[in-house]
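This report concerns only the one structure given below.
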Amino acid sequence: MSNCSEFLPEDPPPEISPFNKFLGIFLPVVTWIYVGGCTIVYLRERKKSSFLKKRLTGLVITSSLGICVLAIYPLREFVGRERFPCLFTELIPLVTIGLFGFPLVIRALHFYWRIQLNRKLASSAFAKDAEASNQVKQAAQFTDAGVYKQTMLDLYTARILASKGWAWSLQVTFTIAFVAAAIGLSIDRLDCQGCESNPNSFLAQAAFTTVLLVIAVVGLYIVRKERDPLGIKDEMKLCYTFSFTGLVLNVIFDSTDPGDTEERGEFFWNYLLVFALWMSQAVLMPYQIYISKNIESQRKVRRTSELDLVLDSDIGKEYFKTHLVNELCIENYFFWRDVNAWKEAGRSAEGAKQLYDIYIERNSVLEINIGHNLYVEITKALQQDKMPDDIFDSAYAEIMLLMETNSLPRFKKSSLYKEWAGEDSNLHLETAMESI
């Protein structure tokens, strides 16, 4: 049994003001209800949104869980500082860093690794397709910054680093490390209440936060010139801005305590950090859902053959493929190519299984973004004794629609499209469409 008296503050805890006590229960409850509600809506929308499926959903939810953990801290003012468990005093800050801060770093790094994987996959595809002619070889080699650059990673390493499993394993490993560190720092006061913060715990929090901040800034700096069709960089900047602002304000006011406000029990400066993190998630998930609905609403039935003109052109196909690399959706092109090859080869059951494992199976490296119902439909069809010949027709149509209504319009606004038009003006889409 620990001697808790040595960990308690010298002065008795103050009487908590009614307003402070109200905030101590109001802020956690509102945080839990709002974040929990947003998470439920987010998961429901994700089932039918290809945009949200590109997100690392597990890490988004983990960040939400980190905010909910931090929201426990204000309960200290509601239950009374003298009755608040000392373990929570040490555990909550470090667990919050692990659950909220680390996923932001992983998402930035995963964004970079995903770019490298797309480029590695594309380089091998370019090498195969470029055998057709020297003109295609020339079109496949771009050196301008932000257009197409080779990666030094080998394909095996790129696949691992860009996988969701790798990102999740990093998160689990470091979260366990943060929890173990917190328990280790408070092992001698596990059964105590009302303790002051352990100075060593504060140093650990500062060290972990600094390291994560440096990695996050370096990660964003590395991808600063990369295209961002999913808006990941903007989301990261938003989260970092809210989080860092709340952290700085919390540290300043907590260390100075103007007017002895917290010491007299009138306010708890940790509310600032809870509110800042709450705001970052309050904006993030609704914003993602809004963007996904906006993108999905733009998808209409194919009315033209513009995409066919691009894919039927040896040169245009290479430029468009490079654009898909930059858009982080090269898997759509590969699916289109391989399904066509499978159809020409006789639609074998073995080939269908290979296509399923590469493009349809959840968490596969080249998983395409199709709706949940379509995924279930294909999975059940593959398990039938006589596999239907049109097993991939709906997915094929959906990917073609996605490329035509999402990727193609941005391609037509890119420097790649202008360069293609300059290579052969007869292949300019607007000119070609007028002749149809």
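The values are calculated or read from the model by the stated rules, or taken from the named source; none is laboratory data. Owing to the predicted nature of the structure, the values given are computational and were not obtained by experimental measurement. Here the Cβ is made from the backbone with ideal geometry for all residues, glycine too, and neighbour counts use every protein chain on show. With ligands, DNA and RNA removed, areas are computed over all heavy atoms of the protein, side chains included. Shrake-Rupley method; radii C 1.70, N 1.55, O 1.52, S 1.80 Å.
Amide H contacts of Gln193: Cys86, each under 5 Å away and 5 or more positions distant or on a separate chain (H built 1.01 Å from N in the peptide plane; Pro and chain starts excluded). Computed from phi, the 3J(HN,Hα) profile of segment 346-355 under the Karplus parametrisation 6.51, -1.76, 1.60 (θ = phi - 60°) reads x, 6, 6, 5, 5, x, 5, 5, 5, 4 Hz, with x in place of Gly and Pro. Could you point to the residue in Phe84, Phe22, Cys38 farthest towards the positive end of segment 1-94's charge dipole, with +1 and -1 charges on the Cβ of Lys/Arg and Asp/Glu respectively? In segment 1-94, that residue is Cys38.
Computed on protein heavy atoms with a 1.4 Å probe, the accessible areas place Phe392, Phe242 in the order Phe242, Phe392, largest first.
If you take the alpha carbon atoms of segment 165-277 and fit the smallest convex hull around them, that volume is 136 Å³ per residue. Placing Met387, Met279 in order of accessible area, with the largest value first and a 1.4 Å probe, yields Met279, Met387. Counting only the heavy atoms of the protein chains, how much of Val218 is accessible to a 1.4 Å probe, in Å² to the nearest 10? Near enough 70 Å² of accessible area. These residues, Arg224, Arg76, go from largest to smallest accessible area, 1.4 Å probe, as Arg224, Arg76. Please compute, over every Cα-Cα pair in segment 353-410, the percentage with a separation greater than 19 angstrom. Summing the P(r) of segment 353-410 above 19 Å gives 30 percent of all pairs. Magnitude of the charge dipole for segment 321-414, about its Cα centre and with charges confined to Cβ atoms of Lys, Arg (+1) and Asp, Glu (-1), is about 340 debye. Answer rounded, prolate or oblate for segment 2-110, using the Cα gyration tensor with square roots of eigenvalues a ≥ b ≥ c: rounded when a/c is under 1.5, else prolate when a/b is larger than b/c, else oblate. Oblate.
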